[in-house]
Amino acid sequence: MKKTILIVDDFENTRKVIEFSLKNIEHQSLMAGNGKEALALFDGRDIDLLITDLNMPFMDGIELVKNVRQIPKYMFMPIIMLTTERSPEKQQMANDVKVTTWVQKPFDALRFVKIIEKCLK
């Protein structure tokens, strides 16, 4: 069954690489360049997974996740934080807002697809 995955990253190339990986496993994607754009997409439509960068302009990934977790329909949706950030403090902040998993950039595409599939089960 096709799932809808929202990809949020301020770098278009990263969004495109993730989107390409998702097409190979037959999921559809929505894309946003920052947390503020992404938040506008949580308007009642079906979104099965959020993949977000941490450091972005206008609204970072932590703030995005905080806001999404306040919307009843998306409260328990799996969320992957995909980031270059290595700080244990930032990882703890992500855990505090209930990010499902943390993935470091650069990432191995095959391993990342497995993480996505696991989150969607």
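Every number in this text was worked out from the coordinates using simple rules, so none of it is lab data. Keep in mind it's a predicted model, so treat the numbers as computed, not measured. Note: ideal-geometry Cβ built from the backbone for every residue, glycine included; neighbour counts use all protein chains shown.
If I model the chain as equal point scatterers sitting on the Cα atoms and use the Debye formula, what is log10 I(q)/I(0) at q = 0.11, 0.13, 0.19, 0.20 Å⁻¹?
-0.30, -0.43, -1.00, -1.12
Nearest 20 debye, what's the magnitude of the dipole of the range 4-119 about its Cα centre given +1 on Lys and Arg Cβ and -1 on Asp and Glu Cβ?
Taking the Cα centre of the range 4-119 as origin, the dipole is about 240 debye.
Efficiency by 1/(1 + (r/R0)^6): what FRET value for residue 36 and residue 111, r their Cβ-Cβ distance, R0 = 25 Å, to the nearest 0.05? List each step's numbers first, then the result.
Working: r = 30 Å, r/R0 = 1.19.
My answer for the efficiency is 0.25.
How large is the translational diffusion coefficient of the range 1-40 in µm² per second when you combine the Kirkwood radius over alpha carbon pairs with Stokes-Einstein at 20 °C and 1.002 mPa s?
On the way: Rh = 10.2 Å.
Reported coefficient: 209 µm²/s.
Quick one: compute the contact order of the range 38-121, relative version, from alpha carbon pairs under 8 angstrom and 6+ residues apart, as a percent. Please report the intermediate quantities before stating the final value.
Values: 93 pairs, mean separation 24.7, N = 84.
Value for the range 38-121: 29 percent.
Around residue 62, what is the net charge, scoring Lys/Arg as +1 and Asp/Glu as -1 over all other residues with Cβ under 12 Å from its Cβ? Write out the running numbers ahead of the final one.
On the way: positive: 66, 69, 90, 98; negative: 53, 60, 63, 85, 89, 96.
Result for the local shell: -2.
At a 10 Å Cβ-Cβ cut-off, how would you order 83, 100, fewest neighbours first? Please list the in-between numbers first.
Details: 83 22, 100 17.
Ranking 83, 100 by Cβ neighbours within 10 Å, fewest first, gives 100, 83.
Which of 99, 68, 17 moves most in a GNM of the chain, Cα contacts under 10 Å?
Checking each option, the largest mean-square fluctuation is seen for 17.
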